[in-house]
Amino acid sequence: MGAFELSDRFNRVARTAPIHFKRADFKSFEVANGVLLPFVLVFMLKLINREHLMGEYRNGFWGNAIAGGTSVVMVALTVVMVWTSLAG
């Protein structure tokens, strides 16, 4: 079975499967995305700054400053979110 056939079968099943989500289900997805986002940002920064990987398209000073600042803000907001969730 080729990749196209497998994809076609999956699409047919996905279209016919009854899916009923509650609003709370989406809220938990949003929380998980918020918690995982800082890890993804830091990993992306590490990859973007590798010379052998990105070559001439590697981040410069200002790109790193903006991305680093955004990462720091996102990590701080995630820590605050987790802290307020656990503290009540």
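Only the coordinates and a few stated rules stand behind these numbers; no lab work does. The structure presented is a predicted model; accordingly, all values stated were derived computationally and were not measured. Note that we place each Cβ from the backbone using ideal geometry, even for glycine, and neighbour counts take in every protein chain shown.
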Give me the extension gain from residue 80 to residue 33: residue separation times 0.36 nm, minus the current Cα-Cα distance, reported in nm with one decimal. 15.4 nm
Could you tell me the largest-minus-smallest coordinate of the C-alpha atoms of region 22-87 on each of the three principal axes, in descending order and whole angstroms? 46, 24, 14
Per-residue Cβ contact counts at 10 Å, fewest first, order 41, 36 as 36, 41
